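Heads up: the structure comes next, in structure tokens.
The values are calculated or read from the model by the stated rules, or taken from the named source; none is laboratory data. Note that the structure is a prediction, hence the values are computed from the model and not measured. Counting neighbours? That spans all protein chains shown, and the Cβs are built from the backbone with ideal geometry, glycine included.
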Amino acid sequence: MKKIIILFSFLFVVSVFAQTDEKSSLSNFLQAGTISVTIGGDFIVTGSFPAFVTERVDQFVSRMYKQVSEKLLANINDPYQLEALQKKIDNFSLRGITLKRSSGEIQKLDLQKFRVNGDFANNPYLKNDDVIIFPDNDIERNFFTVEGAVNNPNRFFYVDSDNLQDALELARGINKAYENVDSVYIHRLSYNGEKMDIIGVDINSSIPLRRGDRIVVLADETQRKEFNVIVLGEVNRPGIIPITKNNTTISQVIKDAGGFTETASLKKAKLFRGSSNIRFILEKEFGMDLEKFNNYLKGWPNPFLSEYEKSTMLRMSNLTEEDTIFFLADEEIRQMINEASIDFTDVLNENSETASLKVNSGDVIIVPPQATTVYVFGQVAHPGLVKYIEGKDFRYYLDAAGGLGELARDEDEIMIIKSESKAWLQADEHTHDIEAGDYIYVPKNPVRSFDYTLSKIATYLSIVGSVATIIILVVQLGK
């Protein structure tokens, strides 16, 4: 008989779907499986709402949160208002929730624990006329914190009857990266905040907690970290080289990078310390995607700290206004590169001081190729690279660049800029000091308009007139 009833019920449902619009039929069918659930307390929304008979508490709460928060945030464009409203919306506790059944049964739920351990005792199915009451979320006073060797160090909402094991579970247990974790310190303030008791207990203890407890899970910090040096340029295996915390030498790094290539310019190779800011070199010169290295580069300098350091230097200086301009240029370069002064020609000599230099995580070694050209620019016909020929003076490179332009200054004002030191040398006094990689700069003799010349003459005449007036006054006073 029961089978016949079930069969007729099934045929009835099918006939309903067949005779009406499929979408509306499905809607009517689902409505038949809905119940009424009331939300109260400190939540984003309160009142009675439809829920599905197949929903558990966490599913229902998550759905209501999503629906309501999307509506509230939909028409707000101001980022500050958006941030403030988001904080207000998120200000509810997943712990200490009370579920009241129509039968009079009362359950205490901890959805935060359910999300950690998956225990459905904290996430039961809903029933018709259930009431879900959220506690007041005063987490500034009702809290405990867990720090140290756990997977999720954080501040948590305090619930009566919480103990140490509850706290460790919410913090997702001991982080397995740490070894020999067996002790916990609970820092407990007095009510007036004037006294603190420090309670040392075993990691397996179930000591009851109190509001405001701060739990520290003790462990020596693991040093199994991602210590690396980046080596780029003329080495046989460029890239990230793993190193120890503070015992790897620069010679070992170069060996691990496969050694220098035949075209490496050891005179121009540089070690940039991890405190430098050469991200633009890595991006522009070597085409590196720094998004992949964000973790690795996160210890690089904070712009605020760089500005603070520069400002404190200037505060105690006795520089003139003109000297300050030069200082700021030098300081910007210092912060940009912070390079170590190293003779790379001696790096692979095991007996040298250079070979024993210790590298630090975050350091970058750049080994450029040997230069084979001289760069000529400024007032020349064809500025650009000219092949280097040993022994040739600056005139040879000027001719190779098409000769001087019409507005070029005199020969004694042409400058050689050394590629390594960036020193400026007067070309006519250093005719044979040119090396591969150097620059030759020909400055421009500016064209002055008639108005400019006239204004200068007027300035000079006014000065002469003033001096003449002073002389006349002095002569008159002397009579």
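Just one of the listed residues (Thr345, Thr354) is of a type in the set (Val, Ile, Thr), closer than 30 Å to Arg237 by Cα, part of a helix (DSSP H, G or I) and at pLDDT below 90, and it is Thr345.
Tell me yes or no: at least one residue of the stretch 398-410 is closer than 30 Å to Gln252 by Cβ and in contact with a helix residue (DSSP H, G or I) (Cβ under 8 Å, 6 or more places away or on another chain). Let's see the steps before the verdict.
Restricting attention to the stretch 398-410, the residues satisfying the condition of being closer than 30 Å to Gln252 by Cβ are none.
Among the residues of the stretch 398-410, not one is closer than 30 Å to Gln252 by Cβ and in contact with a helix residue (DSSP H, G or I) (Cβ under 8 Å, 6 or more places away or on another chain), which makes the answer no.
The selection criterion, being on the phi > 0 side of the Ramachandran plot, outside any strand (DSSP E or B) and surrounded by 11 or more Cβ atoms within 10 Å (Cβ to Cβ), does not hold for Gly193. Checking each residue in the stretch 213-259 for being buried (at least 18 other Cβ atoms within 10 Å of the Cβ) and either of a type in the set (Lys, Arg) or within 30 Å of Phe143 (Cβ to Cβ) (or both) picks out Asp213, Ile215, Val216, Val217, Ala219.
Look at (1) part of a loop (DSSP other than H, G, I, E, B); (2) more than 30 Å from the chain's Cα centre (by Cα) and you find that Ala177 fails only one, number (2). Specify the residue that is nearest to Val116 (Cα to Cα); the eligible residues are those in the stretch 172-198 that are in contact (Cβ under 8 Å) with a residue 40 or more places away in the chain and of a type in the set (A, V, I, L, M). By that ranking, first place goes to Ile174.
Yes/no per residue for (1) surrounded by 11 or more Cβ atoms within 10 Å (Cβ to Cβ); (2) modelled with pLDDT under 95:
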position	(1), (2)
Phe60	yes, no
Asn77	no, yes
Gln81	yes, yes
Arg95	yes, no
Arg101	yes, no
Glu105	no, no
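Kindly evaluate Asn204 against the criterion of being surrounded by 10 or more Cβ atoms within 10 Å (Cβ to Cβ) and assigned by TED's automatic domain parsing to the domain that holds Phe157. Explain how you work it out, then say what you get.
Working: surrounded by 10 or more Cβ atoms within 10 Å (Cβ to Cβ): yes; assigned by TED's automatic domain parsing to the domain that holds Phe157: yes.
Yes.
Listed here are the residues, each with its yes/no results for (1) in the same structural domain as Lys270 (by TED's automatic domain parsing); (2) under 30 Å from Ser265 (Cα atoms); (3) modelled with pLDDT of 90 or more; (4) not in a loop (DSSP other than H, G, I, E, B).
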{"residue": "Gly402", "(1), (2), (3), (4)": "no, yes, yes, no"}
{"residue": "Val447", "(1), (2), (3), (4)": "no, no, no, no"}
{"residue": "Leu454", "(1), (2), (3), (4)": "no, no, no, yes"}
{"residue": "Ile457", "(1), (2), (3), (4)": "no, no, no, yes"}
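For the stretch 52-68, what are the residues that are without any contact (Cβ under 8 Å) to a residue 12 or more places away in the chain and either more than 34 Å from the chain's Cα centre (by Cα) or not in a helix (DSSP H, G or I) (or both)? Working first, answer last.
Pass one, the stretch 52-68, residues without any contact (Cβ under 8 Å) to a residue 12 or more places away in the chain: 59, 62-63, 66-67.
Of everything in the stretch 52-68, just one residue is without any contact (Cβ under 8 Å) to a residue 12 or more places away in the chain and either more than 34 Å from the chain's Cα centre (by Cα) or not in a helix (DSSP H, G or I) (or both), namely Gln59.
Residues that are in contact (Cβ under 8 Å) with a residue 40 or more places away in the chain and touching a helix residue (DSSP H, G or I) at 6+ places or on another chain (Cβ under 7 Å) within the stretch 368-397 comprise Val374, Val376, Val380, Phe394, listed in sequence order.
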